[in-house]
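In what follows, a structure is listed as structure tokens, so that the remarks can point back to it.
All of the numbers you see were taken from the coordinates with simple rules; none came from a lab. All values reported here derive from a predicted model rather than from experimental measurement. Here the Cβ is made from the backbone with ideal geometry for all residues, glycine too, and neighbour counts use every protein chain on show.
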Amino acid sequence: MASGTPADAMGGGPAGRLPMILFRAASRAAAAAAPAKPLASGLGLKDVTLHERRRPYSNYFTVEELVYSHARFGGGTSEPVLRAVFMASDAVTVLPYDPVRDRVLVVEQVRAAPIARGDATAWILEPVAGRIEPGDSPETTARKEAREEAGLELGALHHVGDYYPSAGCFSEYIHSYIGIADLPDGAAGLGGLEEEGEDIRGHVMPREELVRRLRANEIPHAPLMVSAYWLELNLARLRSSG
């Protein structure tokens, strides 16, 4: 994804922006093709009138300002409202799980959001993750990212769910999986693509240790919480099926 100039390598030049433009376009196409989720209200995108769309910032990521009005629960239509959205493409997370050894693998890397917030915990434990390239399926992305970030070949993939991590301000839509994997001693190592600025360290730990750390509020990562607790709810089935 990086190019020949420093600005391009950091996502600031045209070569750095083009892939993300294509990724976001693919995400819009996927959203348009997906059926609406059923709601008791029956309201949906058809009940929103978009008056204006502005893009005050566009680089590797993009911020869009939307002016829209919408149907109200009590009847009628709202006045136009202004909202800003951080635009990111669809992504995948996969938590590798070894049902024989009852272990999981998580990855650790430095993240920009806690740095910007001033959080002392700038390195975060996460599931394996990556953005879905145009033309790839979420399952293909999960397997590719497991190889790139953790050096793992996954077996069966179990679908956890698809969701917005923060629907009030992020367009990112995540597809989460549990991936069956062989996790012997020494399975964790260093990974990531140097040309994408990735510096990733894997950690293999007992499943119960991951749950203990989450319950102790030691790991501030929502997709990891979602996947770990889903694993707990479905543990018997996964350990019997592999």
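Tabulated data for the structure shown
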{"read-out": "DSSP-loop trypsin sites (Lys or Arg not before Pro) across region 48-134, with at most 12 other Cβ within 10 angstrom", "value": "ARG72"}
{"read-out": "Fraction of antiparallel bridges per DSSP, the chain only, in percent to nearest 5", "value": "85 percent"}
{"read-out": "Relative contact order [Cα under 8 Å, 6+ residues apart], the chain, whole percent", "value": "18 percent"}
{"read-out": "Phi to ³J(HN,Hα) by Karplus 6.51 cos²θ - 1.76 cosθ + 1.60 over region 97-111, Hz, x for Gly, Pro", "value": "9, 9, x, 6, 8, 6, 10, 10, 10, 10, 10, 10, 7, 6, 10"}
{"read-out": "FRET efficiency, GLU218 to ASP162 (Cβ-Cβ, R0 22 Å, nearest 0.05)", "value": "0.25"}
{"read-out": "Inter-site label distance for VAL67 and GLU153 at 7 Å from Cα along Cβ, in nm", "value": "5.7 nm"}
